[in-house]
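Working notes for the structure below.
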Amino acid sequence: MKIVLLGGSGYVGKGIIQELSSYDDMELVSMSRHGGTEEDKKRWPKVSWRSIDLARPETWQEEVADADWVVDLIGVLFAKNYNEYYKKTVEPVMSVIKFIGEKAKDTKFLFVSANYAPLGMGAYMKAKLVLEDELKKRLGTRAVFVYPGLIYHKERHFVYTIAMALNNLAKIKPLTRLVERLRPIARAKFAVEIRNILLSNNSYLMHRTA
């Protein structure tokens, strides 16, 4: 199984690579602007680290053409406004989605969306929903969505601290529902859920909480 990770050298992508790299029957291709550090290449030597520019199809189309899965990990959590979210989250992958829809008829696309956007994050969620709609229109059932909340790991101390605080607040009944919607999830657990989906198993992350 060939899996292409768009943004695979990033914070979330490395967690997924850590989980999947132990499977001998999985061919992993990480695509990003810088391609991956020397440390990444030494740590995961079986991964193909590609430096690409999504605006230049010749840098990525060949790898995507015969992929079983493309996993989209591109985007930012914080931006000034919707236009910036669109530019950094939606626009970069539009050409990939179009290519898969027209040329890579067996390739599935896994999009990391979001479960819920708290106050002040409406533009973030709007960009996610726009991309969801585009995927449904162009790829139909070949588009698969996951809806995590805050993905945390000790590597990012600030995010980890927030997640630990949320997990503690979840024990207080009046706040339990809010924390459930924010859906904090450890990076390693998120990677396991992604693995389950790639192996055609179910995941609770495939459904938004009400």
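Any read-out appearing in this document is the output of simple, stated calculations on the displayed coordinates, not a laboratory observation. What you see is a predicted model; the values in this text were computed from it and never measured. Backbone-built Cβ (ideal geometry, glycine too); neighbour counts: all protein chains shown.
List of remarks:
- Charge dipole (region 16-140, unit charges on Cβ, about Cα centre) - positive-most of PHE99, TYR85, VAL47: TYR85
- Taking amide H positions as modeled 1.01 Å from N, with prolines and chain starts lacking one, the residues under 5 Å from ALA143 and 5 or more places away or on another chain are PHE109.
- Charge dipole (debye, nearest 20) of region 101-166; +1 at Cβ of Lys and Arg, -1 at Cβ of Asp and Glu: 160
- Across the chain, C-alpha contacts under 8 Å between residues 6 or more apart give a mean separation that, scaled by the residue count, equals a relative contact order of 19 percent.
- For region 71-210, with +1 on Lys and Arg beta carbons and -1 on Asp and Glu, the positive-most of LEU182, MET206, THR141 along the dipole: LEU182
- Remark on region 127-208: ratio of C-alpha radius of gyration to 2.2 N^0.38 Å is 1.26.
- Sequence-distant aspartates and glutamates (8 or more away, or on other chains) whose Cα lies within less than 13 Å of LYS108: ASP66, ASP68, ASP72
- Take the Kirkwood radius over Cα pairs of region 131-178, plug it into Stokes-Einstein at 25 °C and 0.890 mPa s, and you get 184 µm²/s for translational diffusion.
- At R0 = 22 Å, FRET efficiency that the Cβ-Cβ distance of GLN18 and LEU199 yields, to 0.05: 0.85
- More than 33 Å apart - percent of Cα-Cα pairs taken over the chain: 12
- Prolate/oblate/rounded call for region 29-117, Cα gyration tensor, a/c under 1.5 rounded: oblate
- Nearest-20 debye value, the chain charge dipole, Cβ charges on Lys, Arg, Asp, Glu: 880
- Which of ILE17, THR37, TYR152, positive extreme of dipole for region 5-158 (C-beta unit charges): TYR152
- Our note on the geometry: Cα centres of region 92-165 and region 31-76, 17 Å apart.
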